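Data first, discussion second: the structure below is written as structure tokens.
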Amino acid sequence: MTVIEPHEVVSCLDQDKAAADGQAIVQLMFIDADLMPVGTGRPRFHEVTYPDRSLFNGITALHRGLAHGEDELDLESSLTHLLTVLLARHADAPGAVSPTLRPRALRQVREMLHSRLSSNIKLDDLAAVAGCSKRHLIRSFRQAYGVPPHHYRTLLRLARAKSLLAAGRSVAETAAELGYCDQSQLNRHFRREFGMSAGGYARTVR
């Protein structure tokens, strides 16, 4: 994994070119400054490459999710988590930690997740309601409710999906009503949480 500081020139490393016979494909990810920790000074990376397999796998999965059109809130939250891990493991002077949000701000975020269950909410929208950075929101929400906002919204959707499926709705109808791009996306989330597909769950309760 290669980390490029702001204003540095981006180029393929010699070993990457050699491994790809002189033609390397590089996927770049430009980090929003709003995702960086609040504090004095900007985190610094003193190495160019970092042999970190779990981070590499996480970033690969994030690129795959972008290519497959996964939910934006999930993707932004995954990016924020990966950035937090990157800074904790490899950056110097990550900055001071901000205090958690007040309960009222967190309740407003939670109410927005409940009221716009089928909407394609962005992390920017939630952060604007809370009046803080995206990274600060994710950390405070997790501390208050046990899971980050995107996972909380997923659990809300799946609870509603269970009710719809039990009432006789098809998997496709349920996915559409809850804002999933297709039923395969609903099935992926269903398997991740319950170990079975949405269709499999529907057959057990009807």
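Note: relative contact order over segment 156-201, using C-alpha pairs below 8 Å and six or more positions apart, is 31 percent. Using C-alpha pairs under 8 Å with a sequence gap of at least 6, the mean separation divided by the residue count of segment 58-139 gives a relative contact order of 35 percent. Dipole size of segment 77-194 about its Cα centre, with +1 on Lys/Arg Cβ and -1 on Asp/Glu Cβ: approximately 300 debye, rounded to the nearest 20. When the scattering of segment 135-206 is computed by the Debye formula from its Cα atoms alone, each counted once and equally, what is log10 I(q)/I(0) at q = 0.20 Å⁻¹? Here log10 of I(q) over I(0) equals -0.77.
Every number in this text was worked out from the coordinates using simple rules, so none of it is lab data. Predicted, not measured: the structure shown is a model, and the values here were computed from it. Glycine also receives a Cβ, built like all others from the backbone with ideal geometry; neighbour counts cover every protein chain displayed.
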